[in-house]
Each structure stands twice: as structure tokens, then as C-alpha cells.
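Take a look at the structure set out below.
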Amino acid sequence: MPIAPFTRRALLNSALAFGGLAAFGVRPAVGERTTSVRLVAAEIRRKLLANQPRPSLLRLYNDTVLPVLRVRRGDPVEVTLENRFKDEHTTVHWHGLRIPNAMDGVPYITQPPVEPGERFTYRFEPPDAGTFFFHPHCHTVEQLGRGLAGVLIVEGDAPRPFDADLSLAYKDWCLNDDGTLGPFLTLRGAIHAGTFGSLKTVNGKPVTDMHRPTYEVPAGADVRLRVLNLDNTRLLGVGVRGATAWMIATDGMPLAPRELKNWYLGPAMRVDLAVRTPDKEGAVVDVVNQWASTPLPLARLKVVGPSLGRGTAEPPALAGPFLPEPVLADAQVVRMVFSTAPRPSEPPPELAGLPFADSLCLAPKTLWAINGQTWPQEGHAHPPAPLAVLKRGRSYVLDLENISKQSHPIHLHGHSFKVLSSSADPDLPVHWADTTLLAPGERRRVALVADNPGDWMFHCHIIEHQETGMMGIVRVA
Ligand code: C2O
Ligand code: CU
């Protein structure tokens, strides 16, 4: 598929490549179309709640809670990560981006860890437009738990500009009364659905029954809402009250507009919505989490100004997806079974007390498995044999089955897959995803063309499950 040329002047001139609350970190462009960004990972003390007695120790990119980076599909991106942590290495994984393996940001597997004081430059051309995010890939439970993540918006899929474009990034924080954060990993949480945070936020702003982040949007307008679940643990059921909303993309990949009733988002999953706002000034539209028995608010849109008169017609479909279509008739079926670990265990005694080369990436215990295999406690530095070896260019059906009592959002790096069917939900639309949520006992069939060579991580995105064994490698060769 040819990639249309884009001009980058508007973005570059206004240094808007990083949007949100603050624009920063954007250096002058190297070439005309290159977006060049400096990404500083550092600790910072900041209050998440105004009435906190003491600030919390956060880990953030560019001193910003969930910064938003905007780039254009097909244009070169150059991001220089600078690690300013005192004593932990880190990397940046570009979740959902089908980019070369060496840029995938998994320490030891795709690159050496970026040690404190070091830098690493990621270079890629995003092949897909849509809503993505980025985060570290080792000791994720704490690095992400303290806030280290950002939203990545790849532009270039809208047939006509939306009247407003807003991202809503959900995240909980394990905030204690004294302002400290944690614990990020508990045995009880890791065995069950994860350790839930006490403070719910959207775009870093607290969400309670009484209060929710509120955004002004034009009346009678098409508003693009990009909803991202960036929590380590929480499952969301996204709904919209007070307006018609259509799903237009899942995990960054377009689908034919479909009226939204409810869409489950496990950790790492995203959904793009087109919301047709009411014509009447002052009306409100609520985005809610329908997972709970009483829907919880996530955000409110407040309608302002005269109606733009978009009417009632369905919004136009987004351009794409720009993916190879798997050939199901030729596809080989690979079975993947998600379960508890065959032998849940403590770290082997010979490792327990050692100042290990990669103690950061060590699993504290193994509790979870894929095809009976657990990610080894020796950590990323000693990767296990691949769970599967896929032939480059061939179509595959992954037959995913969750035989455990917990839900698992399963993510494959370097590829997106087409979710074909679910044993639990016959009405599930066929859609593209990079992470798919398997309820207890559920079986899903997903298809892909294994077109991106390399060793790709394949894991549950409930971070405590990932870090206690539910992770493996899928090799494309
Ligand atoms: Cu967001 Cu290995 O993933
Ligand atoms: Cu899981």
C-alpha cells in the first residue's frame, strides 16, 4: 500500500508533536518529515491529589503524566530515550506498532537495557495510523505503576478532520494515605486479577463518583474519542451516555463504524469512538465504565457553542487498516493455552540472594503459564525457547484458550491480529487488535500474517500475571 506524502510544517512549527498539558522536548526537525523527540525518563515528586499530605514519587516521561506524542503515518520518527533513574535500567516499547524488531524496546531480547545515564534512539516509520501507547518492558509493574507511559497518536486515518479529537487515558494509582505508592505486586493480586489501585484517574485527573474530568466540545459535532486503558490491572467496559457513539477503531485499527453499546478494554487495549454531540449548548455526554454493576464515570463532555449540524448520519470510516489479510484457507493453527503454572514456585534458592545481573527483570514467583511453560525466573537475560516458530510471510490462526479462573488480555508484539471468533460472545465483531481479552474459560481464534521477522514477546498485559510467568516468545523467521 503506497504511503501518501504528508507535510509536517504545521506540527513542527508549533512544537505540537508533544501535546496535552505541556509541549516540550521537541528538537528542530532533522529532515522535513522527521519528528524528533527527546524522552527523559526520570523520578519526580508530585501530588496526584491536591489534598495529599506529601507528594508521591512518580516515574514519568518528560515530567508529564501520560504525555501525548503525535506523529504521522509513514513519516520517520526519532525518539531519544534518556534514562535519568538512579539505579534502574529501562527501555521504551511501542505497544501495537508493527515496527522492526530492533526498535521494539524489550531489554535483552531486542536491545541492551538502557542503563542510568545512558541514551538510546528509537527510529521507525509508523506503518499504521491510530491510537497507540508506549511504556517500559522490565520491572513494568513498578515503572508503569509509578506512571511511566505515554499516549502515541499516529495521524493520517481521518477522511475529514474531526471537529475535536480527545484522548482519555485511564490509569489507577496504588496511592496510600501518606502519599506513598504501592505495593505494585502482591501475591494475592498476582494470583487473582491483580492489585488494584485506590485512585482512579483519566489523563492523570482523579475520577470519583462526584467528580470526573470534564472537557468542552462543540455542539452537533463529530468528536473523536480515543479511550486507552493504561492501567496495570483494571478491566473497563466502555460506554457513552447522552449521545450516539460509533466504534471506529480497535487497538488503532479501523473497523466499519458500529454503534457502541459496550466495549471491553483490558489493560493496554484501546478503542476509538466517533461521538455525535447533541445540538443543544449545555448538554452533557458521559463516558462511563460499564464493567461495574452501577456504571462509573470516566469523563464528561460539555457541549458549548452553536451546533455544527453534523446531523444523524453515520460518521465516515477511517482509512485502513494497512495490514496484510491472512489467508485462512492456508493458515496453520497454533494452539496457545493460558493457565496457572504447573508448579508455582519461589525463586530457586541459588538465585534468591544473588546480586543477579538482571535482578530487575526476574520474576519473583512463577504463577502463570502459556502452554504449560512459564517465563523463567532467571529473567529477560536468559530467554526461554520460543513457544512457537512461525514462517515469515505465512498465515496463522492462533487458537487462544484461557483455562484459568482469571481474565487475561493477551498481547503479541510486532503484529496485529484479526479476532475471528469468541466462544463466549457470538456477537463479537470481527476486528483487528494487538491485545485481546480472554474471560475465564473463553476461547478465541485470531489470525495474522507472520510478516515481521524477529523474536516477539507474547504475554498477558495484566502486569502482575506477565511478571509472574505468563509470557513467552513467538519467533517469526
Ligand atoms: Cu504493552 Cu509487551 O507490552
Ligand atoms: Cu493475565
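The values are calculated or read from the model by the stated rules, or taken from the named source; none is laboratory data. Not measured: the values here are computed from a predicted model. With ideal geometry, Cβ positions are generated from the backbone for all residues, glycine too; neighbour counts draw on all protein chains shown. Quick note on the areas: whole protein, heavy atoms, side chains included, nothing else; ligands and nucleic acids left out. Shrake-Rupley method; radii C 1.70, N 1.55, O 1.52, S 1.80 Å.
Beta carbons closer than 8 Å, at least 6 apart along the sequence or on distinct chains, pair a first residue in region 293-312 that is of a type in the set (D, E, K, R) with a second that is in a strand (DSSP E or B) and open to solvent by 70 Å² or more (accessible area, probe 1.4 Å) for Arg300/Thr214; Lys302/Thr214; Lys302/Glu216. Applying the condition of being within 12 Å of ligand 2 (Cβ to nearest atom) and surrounded by fewer than 24 Cβ atoms within 10 Å (Cβ to Cβ) to region 438-457 and asking which residue is farthest from Pro409 (Cα to Cα) yields Pro440. Residues in region 60-116 that are part of a loop (DSSP other than H, G, I, E, B), closer than 17 Å to Val141 by Cα and not acidic (Asp, Glu): 9 in all. Remark: pairs (first residue in region 207-232, of a type in the set (Val, Ile, Thr); second residue part of a loop (DSSP other than H, G, I, E, B); Cβ separation under 8 Å; 6+ apart in sequence or on different chains) = Val207/Pro213; Val217/Asp163; Val217/Thr277; Val223/Phe162; Val223/Asp163; Val223/Thr277.
When region 264-287 is limited to residues that are open to solvent by less than 10 Å² (accessible area, probe 1.4 Å) and among the β-branched types (Val, Ile, Thr), the one that is farthest from Lys171 (Cα to Cα) turns out to be Thr277.
The criterion of at least 1 residues that are more than 19 Å from Leu438 (Cα to Cα) is met, among strands (runs of 3 or more DSSP E) falling completely within region 247-301, by 253-259, 270-276, 284-289.
Of the residues making up region 422-456, those that are closer than 15 Å to Trp263 by Cα and part of a strand (DSSP E or B) are Ser422, His431, Trp432, Ala433, Thr435, Thr436, Leu437, Leu438. Residue by residue through region 184-206, note down the ones that are under 16 Å from Ala292 (Cβ atoms), open to solvent by 40 Å² or more (accessible area, probe 1.4 Å) and in contact (Cβ under 8 Å) with a residue 40 or more places away in the chain. Of everything in region 184-206, just one residue is under 16 Å from Ala292 (Cβ atoms), open to solvent by 40 Å² or more (accessible area, probe 1.4 Å) and in contact (Cβ under 8 Å) with a residue 40 or more places away in the chain, namely Lys200. Pairs meeting the criteria (first residue in region 362-374 and charged (D, E, K, R), second residue buried (at least 24 other Cβ atoms within 10 Å of the Cβ), beta carbons under 7 Å, at least 6 apart or on different chains) are Lys365/Thr468.
Within region 75-115, the only residue that satisfies the criterion of being touching an Asp or Glu at 6+ places or on another chain (Cβ under 6 Å) and more than 26 Å from Thr435 (Cα to Cα) is Asn83. Check whether at least one residue in region 102-119 is buried (at least 21 other Cβ atoms within 10 Å of the Cβ) and away from ligand 1 (no atom under 14 Å from the Cβ), and report yes or no. Yes, that holds for at least one residue.
Might you check whether a residue that is farther than 23 Å from Glu325 by Cα and either without any contact (Cβ under 8 Å) to a residue 12 or more places away in the chain or within 16 Å of ligand 2 (Cβ to nearest atom) (or both) occurs anywhere in region 386-395? Among the residues of region 386-395, at least one is farther than 23 Å from Glu325 by Cα and either without any contact (Cβ under 8 Å) to a residue 12 or more places away in the chain or within 16 Å of ligand 2 (Cβ to nearest atom) (or both), which makes the answer yes. Can you tell me which residue within region 460-477, out of those that are over 19 Å from the mean Cα position of the chain (by Cα) and not in a strand (DSSP E or B), is farthest from ligand 1 (Cβ to nearest atom)? Once the filter is applied, the top-ranked residue is Ala477. Meeting the requirement of 2 or more residues that are in contact with a Phe, Trp or Tyr (Cβ under 9 Å, 6 or more places away or on another chain), the strands (runs of 3 or more DSSP E) wholly within region 137-234 are 150-155, 164-173, 199-202, 222-229. Per the listing Arg343, Arg335, the residue uniquely modelled with pLDDT of 95 or more and among the charged types (D, E, K, R) is Arg335. I'd like to check something: does region 413-428 contain any residue that is in contact (Cβ under 8 Å) with a residue 60 or more places away in the chain, farther than 21 Å from Gly96 by Cβ and away from ligand 1 (no atom under 16 Å from the Cβ)? No: zero hits.
Based on this model, can you work out whether Asp172 counts as farther than 18 Å from Trp94 by Cβ, in contact with a Lys or Arg (Cβ under 6 Å, 6 or more places away or on another chain) and either away from ligand 1 (no atom under 16 Å from the Cβ) or open to solvent by less than 10 Å² (accessible area, probe 1.4 Å) (or both)? Reasoning before the result, please.
On the way: farther than 18 Å from Trp94 by Cβ: yes; in contact with a Lys or Arg (Cβ under 6 Å, 6 or more places away or on another chain): yes; either away from ligand 1 (no atom under 16 Å from the Cβ) or open to solvent by less than 10 Å² (accessible area, probe 1.4 Å) (or both): yes.
Answer is yes for this residue.
Run down Gln466, Gln406 and say which single residue is open to solvent by 20 Å² or more (accessible area, probe 1.4 Å) and within 10 Å of ligand 2 (Cβ to nearest atom).
On the way: Gln466 fails: open to solvent by 20 Å² or more (accessible area, probe 1.4 Å).
Gln406 is the lone residue from the list that is open to solvent by 20 Å² or more (accessible area, probe 1.4 Å) and within 10 Å of ligand 2 (Cβ to nearest atom).
Scanning region 138-147 turns up no residue that is more than 16 Å from ligand 1 (Cβ to nearest atom), modelled with pLDDT of 95 or more and under 14 Å from the mean Cα position of the chain (by Cα).
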